[in-house]
1. Please give the contour-minus-distance gain from residue 18 to residue 81: 0.36 nm per residue of separation, less the Cα-Cα distance, rounded to one decimal in nm.
2. Quick one: among 57, 75, 31, which has the greatest mean-square fluctuation in a GNM of the chain with alpha-carbon springs under 10 angstrom?
3. What are the ³J(HN,Hα) couplings of the stretch 20-26, residue after residue, when phi is run through the Karplus curve with 6.51, -1.76, 1.60 and θ = phi - 60°? Round to Hz, x for glycine and proline.
4. If a/c stays under 1.5 just call it rounded; otherwise compare a/b with b/c (prolate if a/b is bigger, oblate if not). Do that for the chain, with a ≥ b ≥ c from the square roots of the Cα gyration tensor eigenvalues.
5. Quick one: accessible area per residue over the chain, 1.4 Å probe, rounded to a whole number of Å²?
6. Taking the chain as a Gaussian network, where each spring joins two C-alpha atoms under 10 Å apart, which residue of 51, 63, 29 fluctuates the most?
7. What's the carbon and sulfur percent of the chain's accessible surface, probe 1.4 angstrom, rounded to a whole number?
Amino acid sequence: LLQGEHRGSLLGLAFSPDGKLLASSARDGTVKLWDFRAARLVRSLSLGPPGGTIRDVAFSPDGNRLAALNGNGTVAIVDLRADVD
């Protein structure tokens, strides 16, 4: 499912509360959102600083937001209801 999509090692995985989405984070500074049941990439987000790392990800309890912990200790929060691509 995740093979070849990240350019760096995977560091974090999180399922959305409804189990439909899987978020993956990596050393390449990106977060990928996957339709888990269909095994397809839904969205790719660049949330880290240039050359940075996304250490971990977590969904809000309602599944509308995603938090991404950057390697520098900051947290990016994305509203998944908005068109962020």
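1. Residue separation times 0.36 nm, minus the Cα-Cα distance, leaves 21.2 nm.
2. 75
3. So the Karplus estimates, Gly and Pro as x, are 7, 10, 10, 9, 10, 10, 8 Hz.
4. Oblate.
5. In whole numbers, the chain has 58 Å² accessible per residue.
6. Checking each option, the largest mean-square fluctuation is seen for 51.
7. 48 percent
The values are calculated or read from the model by the stated rules, or taken from the named source; none is laboratory data. No experiment lies behind these values; they were computed from the predicted model shown. Quick note on the areas: whole protein, heavy atoms, side chains included, nothing else; ligands and nucleic acids left out. Shrake-Rupley method; radii C 1.70, N 1.55, O 1.52, S 1.80 Å.
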